[in-house]
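Quick notes on the structure that follows.
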Amino acid sequence: MTPPTLFESLFQFATVLGPLLPYIGTSVGTLGLASFAQAVPRLGPLRAVWIASRSRFLQSQPIQSVRDKELQLLRKDIAEKNWGQKYIIVSGEKGVGKSCLIDTAVYKTCGIIRIKAQPGEKEKEIIENALRGLTGLRTAFWDPISNSRRVIFWYKLITLGKTPIVVISVTERKKEGEYAGVAGAVRTLTDDLHLRVIVDSSPNSLADNVTCTKRQMIYPIDAMTREMIWSLPQFTHLFAVTKRNCVDDILWGVFGGNPASYDKFWGDLKKRLDVEPNLPLEREIIGKLLGNDVSAAIDLVRTAKKAHTDMKSIIELFDKEKSEVADQILEERGLQQPTPDKVFRKICREVNGENVFFLVPSDGAVRIVLCHSLKRGPTTVDALVDLQKWIF
């Protein structure tokens with residue numbers, strides 16, 4: 001947690017000392033403190049101005065999201081003054097660009113307050129973190145609700161009726177971990193304080209009581225298209241390397257539309273090329289690294305089979321001809337997808353005018369393993385030969 005500023009320290013000191021001043025002498029110094037303590041209730045407008053201006057003028061420019069359609073819709077919702085009891089959920093697998101989308105959408109927007117919610121964190125703690133971000137107070141000797149209402153009142157006055165936006169980034173659960181108390185926290189922040197709330201989460205980090213309230217506006221963020229991935233400026237040098245080695249198609253086949261996978265791969269590749277700066281070796285190094293990802297996916301699938309009784313039966317539904325399975329099939333066979341689940345992810349597709357959920361492999365490497373029932377990774381002699389055979 002960042003240390004309080006001088007202003008915040010004086011504010012906290014005055015808040016604690018104010019009630020005690022009647023019992024202290026009336027020296028000039030004491031009168032000065034008394035004057036400052038009496039001004040504490042009037043500090044709401046200063047904090048409101050700071051919140052409004054901080055994210056509007058002092059925010060560094062984020063990496064621009066390439067999800068133009070979702071960006072346009074999200075910006076439209078953010079521009080609304082009052083969301084009532086509704087809140088926004090931006091949901092998708094880890095690394096697909098949810099946070100980047102939110103950062104781009106709220107860039108230069110007034111009144112952004114960011115907090116994190118950890119697995120198992122109680123709703124009271126999440127609320128307190130949000131109110132600390134709103135008031136700037138980091139001490140136990142304060143009334144969070146009344147101080148927050150004061151700041152919100154002045155903020156609405158300054159911004160002609162808008163309220164601050166709280167962005168809650170929910171960390172992914174570990175296996176069998178507890179959910180964060182997001183549902184109750186969001187309800188308090190929206191109902192009692194009329195704040196606007198955006199939840200940034202993956203499917204296995206939120207309990208059903210957050211996504212099934214009929215109050216949420218959900219933005220489902222699926223994997224990026226190949227065109228999106230190849231347009232990301234941070235991967236310009238990576239794709240220059242893969243293009244001259246004729247492995248673009250293999251790279252897409254292994255990683256699919258998750259930019260985080262490309263980021264990790266590029267970091268590993270740069271380290272190896274720094275150690276072995278030899279162009280003829282580039283292709284071999286790329287093959288080894290991609291082969292390692294497929295081997296890791298094999299271990300992931302093997303572990304998942306042992307950890308959950310239904311997982312083996314679900315995995316057996318996939319083969320070369322079938323790379324997705326409808327939820328209805330699982331229900332008919334009495335199979336239940338475990339949570340959290342690193343092997344599969346769910347996508348929603350419209351079929352005959354209705355939304356139908358499908359289970360698909362979590363990424364390209366897992367898809368290769370499932371479709372070919374792989375028990376071992378590619379050979380180290382020329383991993384790209386095996387990968388090309390499996391992908392195509």
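Is it the case that some residue within the range 217-229 is surrounded by 19 or more Cβ atoms within 10 Å (Cβ to Cβ), part of a helix (DSSP H, G or I) and modelled with pLDDT of 90 or more?
Within the range 217-229, one or more residues are surrounded by 19 or more Cβ atoms within 10 Å (Cβ to Cβ), part of a helix (DSSP H, G or I) and modelled with pLDDT of 90 or more.
Please find, within the range 230-246, the residue that is nearest to R283 (Cα to Cα) out of those that are of a type in the set (A, V, I, L, M, F, W, C) and under 30 Å from the mean Cα position of the chain (by Cα).
Among those that are of a type in the set (A, V, I, L, M, F, W, C) and under 30 Å from the mean Cα position of the chain (by Cα), it is V241.
From the set of residues in the range 313-333 that are in contact with a helix residue (DSSP H, G or I) (Cβ under 9 Å, 6 or more places away or on another chain), part of a loop (DSSP other than H, G, I, E, B) and not basic (K, R), which is modelled with the lowest pLDDT?
Ranking the qualifying residues of the range 313-333, first place goes to E321.
Which one of these does K69 not meet: (1) closer than 30 Å to S261 by Cα; (2) open to solvent by 90 Å² or more (accessible area, probe 1.4 Å); (3) at pLDDT below 90?
Status for K69: all satisfied but (3).
I'd like the residue in the range 293-312 that is among the polar types (S, T, N, Q) and in a helix (DSSP H, G or I) and, out of all such residues, is surrounded by the most Cβ atoms within 10 Å (Cβ to Cβ).
Of the range 293-312, the ones among the polar types (S, T, N, Q) are 295, 303, 309.
Remaining after also requiring in a helix (DSSP H, G or I): 295, 303.
Numbers: S295: 17, T303: 13.
In this case the residue turns out to be S295.
Each row is one residue, and each column tells you yes or no for (1) among the hydrophobic types (A, V, I, L, M, F, W, C); (2) within 28 Å of W83 (Cβ to Cβ).
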residue	(1), (2)
L160	yes, yes
P164	no, yes
T171	no, yes
D208	no, yes
Y219	no, yes
W230	yes, no
V254	yes, no
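Please state which one of K342, K322 is surrounded by 13 or more Cβ atoms within 10 Å (Cβ to Cβ) and either under 20 Å from L251 (Cα atoms) or not aromatic (F, W, Y) (or both).
Of K342, K322, the one residue that is surrounded by 13 or more Cβ atoms within 10 Å (Cβ to Cβ) and either under 20 Å from L251 (Cα atoms) or not aromatic (F, W, Y) (or both) is K342.
Looking only at the range 295-311, which residues are under 29 Å from W252 (Cβ atoms) and more than 25 Å from the chain's Cα centre (by Cα)?
Correct list: S295, I298, D299, R302, T303, K305, M311.
Tell me which residues, restricted to the range 171-188, are in contact with a strand residue (DSSP E or B) (Cβ under 7 Å, 6 or more places away or on another chain) and either part of a loop (DSSP other than H, G, I, E, B) or at pLDDT 95 or above (or both).
Initial filter on the range 171-188 (in contact with a strand residue (DSSP E or B) (Cβ under 7 Å, 6 or more places away or on another chain)): 171, 180, 182, 186.
Selection gives T171, A180.
Here are G257, G253: which of them is under 18 Å from V366 (Cα atoms) and outside any helix (DSSP H, G or I)?
One residue alone meets the criteria, G257.
Looking at the range 102-124, which of its residues are closer than 13 Å to L189 by Cβ and more than 16 Å from the chain's Cα centre (by Cα)?
Correct list: E123, K124.
I'd like to know if the range 372-379 contains one or more residues that are at positive phi, part of a loop (DSSP other than H, G, I, E, B) and surrounded by fewer than 19 Cβ atoms within 10 Å (Cβ to Cβ).
yes
What about E121, is it farther than 23 Å from R215 by Cβ, of a type in the set (D, E) and in a loop (DSSP other than H, G, I, E, B)?
For E121, the condition - farther than 23 Å from R215 by Cβ, of a type in the set (D, E) and in a loop (DSSP other than H, G, I, E, B) - is not met.
Among the candidates R302, R333, R345, which residue alone is basic (K, R) and within 25 Å of L384 (Cα to Cα)?
Criteria check complete, one pass: R302.
The values are calculated or read from the model by the stated rules, or taken from the named source; none is laboratory data. Every value quoted in this text rests on a predicted model; they were computed, and no experiment measured them. Using ideal geometry, Cβ is built from the backbone for each residue, glycine included, and neighbour counts are taken over all protein chains shown. We work out accessible area using only protein heavy atoms, side chains counted, and drop any ligands, DNA or RNA first. Shrake-Rupley method; radii C 1.70, N 1.55, O 1.52, S 1.80 Å.
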